[in-house]
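S.K.: Below are the structure tokens for one structure; questions will follow.
What follows is calculated from the coordinates using simple rules that are stated; it is not laboratory data. Quick caveat, the model's predicted, so the values are computed rather than measured. Neighbour counts run over all protein chains shown; Cβ positions are idealised from the backbone, glycine included.
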Amino acid sequence: MKTKLHRHIFYFFTFLILVSCNNVKDLQPAGGEDVPDGVAQVLTNAYPRAKDITLKTVLKDKLWEARFSSDNVLFYVALSTNRVLRAYKLLSPTVPDSLQNTFSTLSIKGGTFSDFRQEDFAVDTRYYTAKYVLNGTPYVVKWETYSQEGTYAGKHIYVVTVKPYFKFEYRIGYNEPELQTVVPAAINKYVATLNRTLTGATGYVSDENKVSYFISATDFMPNIQINLFYDESNNLAIEYPGPGDQVFLGLPSFPEQVIKFVDNSVFTSKMSFGQGYIKKTEAIAQFGLFFNREISQQFSNTEAFQVWLDRNGNLVDFLYTASLFV
């Protein structure tokens with residue numbers, strides 16, 4: 001009787017394992033590498049009702065992406081061996097008019113929106129993202145809005161950011177294991193040579209599964225933070241603030257190739273130059289410029305543009321932000 005009971009228990013758990021595995025499709029991504037069972041388990045732990053799962057490798061032995069449905073909602077997530085790093089609800093191919101209309105007064109209006117998503121797990125703040133194509137160039141737009149909207153003179157409050165296009169991003173916080181297991185060792189070594197501690201990293205993943213990193217590092221005493229940006233080839237692209245930065249308060253102080261970029265940029269077409277610097281650093285970006293514009297005095301609607309260029313005036317990276325009451 002005891003043996004028969006043990007046999008039934010064994011068959012029962014075997015059945016559960018088979019059912020769980022049958023929910024995961026395409027565990028053989030391009031390149032013939034198996035997705036570890038532990039990664040699939042991380043996903044099913046976070047989304048117990050997930051089905052029609054497709055898992056693929058992004059960075060070998062470090063990072064994976066998954067698409068699946070749960071409770072009739074489509075999801076797209078990024079995972080490490082420990083946890084879900086980023087999760088998106090795939091809401092619609094199009095963006096609601098209410099969010100598209102936030103661009104009506106911006107310098108970068110006139111583009112087309114697609115791939116509307118909402119970041120999962122957010123509680124007090126909602127984050128929506130979309131692909132935005134302007135003059136043939138793709139970008140990623142993020143709208144940040146708080147749960148209690150319409151509390152400022154009947155207006156909705158948004159913080160809008162725009163960056164060069166990526167298919168997903170993920171944030172790694174201080175003391176989280178992925179700072180060592182996912183962020184390349186060369187980045188950790190460089191931060192150590194600066195006598196800094198790596199306190200955070202954001203990875204931006206391209207369609208080709210290449211990753212660029214925004215890095216925060218601090219010395220804690222006297223608590224001075226520096227920011228680093230590494231391109232998809234793990235080259236140090238931006239370092240700020242950097243040693244020996246030469247600050248300029250007038251755009252004419254910059255060389256011709258920088259002024260040419262500014263004149264041709266749609267982002268700066270309506271903005272005023274704030275300040276900039278020429279950097280003396282090993283990083284690729286030799287120039288940094290900051291622009292801003294007050295859109296509306298009544299509600300303090302503003303937009304700003306930070307851009308970094310190489311010695312030839314070519315774009316290295318940028319961040320556009322707008323604070324809106326609409």
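S.K.: In the set [x] -0.21, -0.38, -1.21; [y] -0.27, -0.46, -1.25; [z] -0.31, -0.53, -1.08, which value of log10 I(q)/I(0) by the Debye sum over Cα atoms at q = 0.06, 0.08, 0.14 Å⁻¹ was calculated from the structure you see?
M.R.: It is the one labelled [y].
S.K.: Now for a separate question. List every residue whose amide H lies under 5 Å from the amide H of residue 170, counting only residues 5 or more places away in sequence or on a different chain, with H placed 1.01 Å from N in the peptide plane.
M.R.: 203
S.K.: Let me test this: with uniform point scatterers at the alpha carbons of the range 169-234, what is the Debye-based log₁₀ I(q)/I(0) at q = 0.13, 0.14, 0.15, 0.20 1/Å?
M.R.: Log10 of I(q)/I(0), two decimals: -0.32, -0.37, -0.43, -0.74.
S.K.: Identify which of 290, 220, 166 has the largest mean-square fluctuation in a Gaussian network model of the chain, with springs joining Cα atoms closer than 10 Å.
M.R.: 220
S.K.: Shifting gears a bit: Please identify, among 248, 116, 287, the residue showing maximal mean-square fluctuation in a Gaussian network model of the chain using a 10 angstrom Cα cutoff.
M.R.: 248
S.K.: Measure nothing but the geometry: give the 0 to 90° angle between the long axis through the Cα atoms of 2-22 and the longest principal axis through the Cα atoms of the chain, rounded to 10°.
M.R.: Compared with the principal axis, the helix lies near 30 degrees.
S.K.: Comparing 171, 117, 67, which has the greatest mean-square fluctuation in the GNM of the chain with Cα pairs linked when under 10 Å apart?
M.R.: It is 171.
S.K.: Order these by the 10 Å Cβ neighbour count, fewest first: 57, 137.
M.R.: 137, 57
S.K.: Report, to the nearest 10°, how far helix 37-46 tilts away from the longest principal axis of the Cα atoms in the chain, using its own Cα long axis and a range of 0 to 90°.
M.R.: With both axes taken from Cα atoms, the answer is about 80 degrees.
S.K.: In the P(r) worked out for the range 91-166, what percent of Cα pairs fall beyond 21 Å?
M.R.: 25 percent
S.K.: Report the local net charge at residue 213: Lys and Arg +1, Asp and Glu -1, summed over other residues whose C-beta lies under 12 Å from its C-beta. Before the final figure, lay out each step's value.
M.R.: Values: positive: 171, 210; negative: 169, 178, 231, 232, 317.
Residues close to residue 213 contribute a combined charge of -3.
S.K.: Oh, and also: Tell me the net charge near residue 257. Cut-off is 10 Å between Cβ atoms, residue 257 excluded, with +1 for each Lys or Arg and -1 for each Asp or Glu.
M.R.: My count for the surroundings of residue 257 gives 0.
S.K.: Something else now. Residue 270: which lysines have alpha carbons under 27 Å from its alpha carbon, excluding same-chain residues fewer than 8 sequence positions away?
M.R.: Cα-Cα hits under 27 Å: 109, 131, 142, 155, 163, 260, 279.
S.K.: What full-extension length gain, to one decimal in nm, is calculated for residue 234 and residue 62 as 0.36 nm per residue of separation minus the Cα-Cα distance?
M.R.: Between residue 234 and residue 62, full extension yields 60.3 nm more.
S.K.: Let me ask another. Using Cβ counts within 10 Å as a stand-in for footprinting exposure, how do 265, 272, 253 rank, fewest first?
M.R.: The fewest-first ordering by Cβ neighbours comes to 272, 253, 265.
S.K.: While we're here: Which net charge results for the neighbourhood of residue 245, defined as the other residues with beta-carbon distances under 9 angstrom from its beta-carbon, given Lys and Arg at +1 and Asp and Glu at -1? Numbers along the way, then the final one.
M.R.: Values: positive: 279, 280; negative: none.
The answer is +2.
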